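Only one structure is covered here, and it is reproduced in the block below.
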Amino acid sequence: MTILDGKKTSNDIKSEIAISVKEIVAKGSRPPHLAAVIVGEDGASLTYVGSKVRACKRVGFESTLIKLSDKITESELLLKVKELNENNAIDGYIVQLPLPSHINSQKILMAVDPDKDVDGFHPTNFGKMALNLPTFISATPYGIMELLNRYNVETSGKHTVVIGRSDIVGRPVSILMSRKSNPGNSTVTLAHSRTKNIKELTLQADIIISALGTPDFVTKDMVKDGVVIVDVGITRVKDDSKKGYKIVGDVDFENVSKKSSYITPVPGGVGPMTIAMLLKNTLQAFLK
Ligand code: NAP
């Protein structure tokens, strides 16, 4: 069994990006610049955005954190988005989700200039991704593909079962795995909460990508020997530690890993890859 080590791989990617930034700056140019917009004080969102900003520093990017009150109106936020679209000193930016319920997230994401949409959420970029055209692929699915690629996991001709059909993980990764590309060329089944007999499907899977957010959902009786497991789930579970919680995935790692050929740990698997791929998209936005 091989651990798909997202922490190490993401560090490798960050080092590669840092080298590119040094070369860019040595040529007299400014470094790439990522901005992040956060609305409100949601603890998990602040943590995620904080680590994205720290990662920018580490690779030599400029970064700007724009913290806005949760009282901001939709039109005020749209104005902020317009400003960012027009700011030539910013190559790419993200609007951290979730947004407060009085703001229509779709409307905000649609207003982001697709050329600065390093999260790859805009329909233009999602469409290009589906058509196998060059674009920004959203960071989590991109990170999964990159991890499979760097570990040379064979995906061609394999049966991949994706659990979860969200716009940001399950659906895009199901498309990427089925694209005529490498990694890809997989036969994909996309399961969700209405799927009957998930176990029947997962037992046939060569690769399982689990993105639902339910601890211990994937158990050893649901997988065949030699399966490749990508666990995207991130759930905070209370414990006695100083933090008061630990992060767990969707997969019963201890038992499922014994039957797997490759498996991502949680934490340290897909999570760190997400940030690395956001940086990669930002570099791409700068180079455009
Ligand atoms: P989401 O929007 O809540 O989607 C969950 C999906 O799981 C939905 O499609 C849902 O089906 C499906 N589902 C729920 N219960 C199910 C069940 N019993 N059987 C089969 N399918 C079921 O979640 P998300 O944003 O994709 O995130 C999924 C997990 O990944 C979360 O734990 C999240 O924290 C984590 N995540 C991690 C990263 C990372 O960087 N590693 C990034 C993003 C998300 P329906 O569509 O029918 O409701």
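The values are calculated or read from the model by the stated rules, or taken from the named source; none is laboratory data. In this text the structure is predicted, and so the values were computed from the model without any measurement. With ideal geometry, Cβ positions are generated from the backbone for all residues, glycine too; neighbour counts draw on all protein chains shown. SASA here: full protein model, heavy atoms, side chains in, ligands and nucleic acids out. Shrake-Rupley method; radii C 1.70, N 1.55, O 1.52, S 1.80 Å.
Structure summary
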item	result
Neighbour net charge for residue 245 - beta-carbon separation under 12 angstrom, K R +1, D E -1	+3
Environment charge at residue 31 (Cβ cut-off 13 Å; Lys +1, Arg +1, Asp -1, Glu -1)	+2
Whole-angstrom gap from segment 38-75 to segment 222-274, using each part's C-alpha centre	26
Segment 237-270 residues near the modelled residue 216 label - backbone nitrogen below 11 Å, point 7 Å along Cα→Cβ	252-253
Net charge over other residues, Cβ less than 13 angstrom from the Cβ of residue 217 (K, R count +1; D, E count -1)	-3
Amide hydrogen neighbours beyond the local backbone of residue 179, cut-off 5 Å, H modeled	185, 186
Accessible-area value, residue 48, 1.4 Å probe, nucleic acids and ligands omitted, Å²	100
Using θ = phi - 60° and Karplus 6.51 cos²θ - 1.76 cosθ + 1.60, couplings along segment 70-75 (whole Hz; Gly, Pro as x)	6, 8, 4, 8, 4, 5
Per-residue ³J(HN,Hα) for segment 245-261, Karplus 6.51 cos²θ - 1.76 cosθ + 1.60, θ = phi - 60°, Hz, x for Gly and Pro	8, 10, 9, 10, x, 8, 10, 6, 4, 4, 8, 5, 4, 5, 9, 8, 8
Cα→Cβ-extended label distance, 7 Å offset, between residue 87 and residue 22, nm	2.9
Shape call, segment 1-72: gyration tensor on alpha carbons, a/c limit 1.5	oblate
Rg/Rh for the chain, where both radii come from Cα atoms and Rh is the Kirkwood radius	0.97
Rounded to the nearest 20 debye, dipole of segment 105-183 from Cβ charges on Lys, Arg, Asp, Glu	260
Whole-Hz couplings from phi, Karplus 6.51/-1.76/1.60, listed for segment 188-199; x for Gly and Pro	10, 10, 9, 9, 8, 5, 8, 5, 8, 6, 4, 4
For segment 133-259, projected area of the alpha-carbon convex hull averaged over all directions, nm²	8.7
Convex hull volume per residue in cubic angstrom - Cα atoms of segment 95-188	94
Exposure ranking of 187, 124 by accessible area [1.4 Å probe, largest first]	187, 124
Kirkwood hydrodynamic radius over Cα pairs of segment 53-107, then Stokes diffusion coefficient at 4 °C and 1.567 mPa s, in µm²/s	102
Amide H partners (placed H, <5 Å) of residue 64, local residues excluded	34, 35, 36
